[in-house]
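Input: a single structure, listed below in structure tokens.
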Amino acid sequence: MHDDGTASGPLLSGHVSFMLARPHSAPPLGLLPDLSVGKEREAILEADVLDDWTGRFVIQDAVPYAQRLTLQQDGRQEHVLVDVDTSSWAAVYNEGNRWTVRQGGSVALWDAAEEALGRWHAAGSPALEEFTLTVTPDGHTYTW
């Protein structure tokens, strides 16, 4: 804690998480949006980045209200991010050796994920213990 009321410090290494309190549970998904419509493009990053603990942490900070699920759609597995608050979604899938993303809603979730992961990769993909969290009255930021 600093004299100006801000706080900063390193993150812990490992797979640390906390049980969510009931008021902090993710909002119910309800009916999913029509995932067959939306803007489609070749994905820069493959969906397996969602399986890496630190990569997933970086993505969650970039799209904090997104929930992840996987669906079978048109005979393939789709990795889906859904943000109920903004009605935004992204579906990432592999056909052959090509990853594709299809997105809809007011926030391009996969674009935000790719941008955040791109910065993290450009920095050498530092481990969680190399992150510093800074908290101010206006919000929080991570640096590495």
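The values are calculated or read from the model by the stated rules, or taken from the named source; none is laboratory data. Since the structure is predicted, the reported quantities are computational estimates derived from the model, not experimental observations. As a convention, Cβ positions derive from the backbone with ideal geometry for all residues, glycine included, and neighbour counts pool all protein chains shown. Areas reflect the complete protein model, heavy atoms only, side chains present, ligands, DNA and RNA absent. Shrake-Rupley method; radii C 1.70, N 1.55, O 1.52, S 1.80 Å.
Sub-9 Å Cβ pairs linking a first residue in the stretch 29-53 that is farther than 14 Å from W99 by Cα and without any contact (Cβ under 8 Å) to a residue 60 or more places away in the chain to a second residue that is of a type in the set (S, T, Y) and open to solvent by 60 Å² or more (accessible area, probe 1.4 Å), at least 6 apart or interchain, number zero.
Selection of the stretch 10-21 for residues being assigned to a loop (DSSP other than H, G, I, E, B) and either at pLDDT 90 or above or open to solvent by less than 50 Å² (accessible area, probe 1.4 Å) (or both) yields L11, G14, A21.
Taking each residue of the stretch 125-144 that is open to solvent by less than 80 Å² (accessible area, probe 1.4 Å) and looking for partners that are of a type in the set (D, E, K, R) with beta-carbon atoms closer than 7 Å, six or more apart or interchain, yields Y142/D61. Looking only at the stretch 104-144, residues that are within 14 Å of the chain's Cα centre (by Cα) and of a type outside the set (A, V, I, L, M, F, W, C) come to 5 in all.
Here's the yes/no breakdown for (1) crowded, with 16+ Cβ neighbours inside 10 Å; (2) outside any loop (DSSP other than H, G, I, E, B); (3) of a type in the set (K, R); (4) at pLDDT below 90:
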site	(1), (2), (3), (4)
S8	no, yes, no, no
P23	no, yes, no, yes
P28	no, no, no, yes
L32	no, no, no, yes
I44	no, no, no, no
V58	yes, yes, no, no
L81	yes, yes, no, no
Y93	yes, yes, no, no
V101	yes, yes, no, no
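The test for being closer than 23 Å to S36 by Cβ, open to solvent by 60 Å² or more (accessible area, probe 1.4 Å) and in contact with a Phe, Trp or Tyr (Cβ under 7 Å, 6 or more places away or on another chain) holds for D85. Only a single criterion out of (1) at pLDDT 90 or above; (2) farther than 17 Å from L69 by Cβ; (3) open to solvent by less than 70 Å² (accessible area, probe 1.4 Å) is not satisfied by D4, namely (3).
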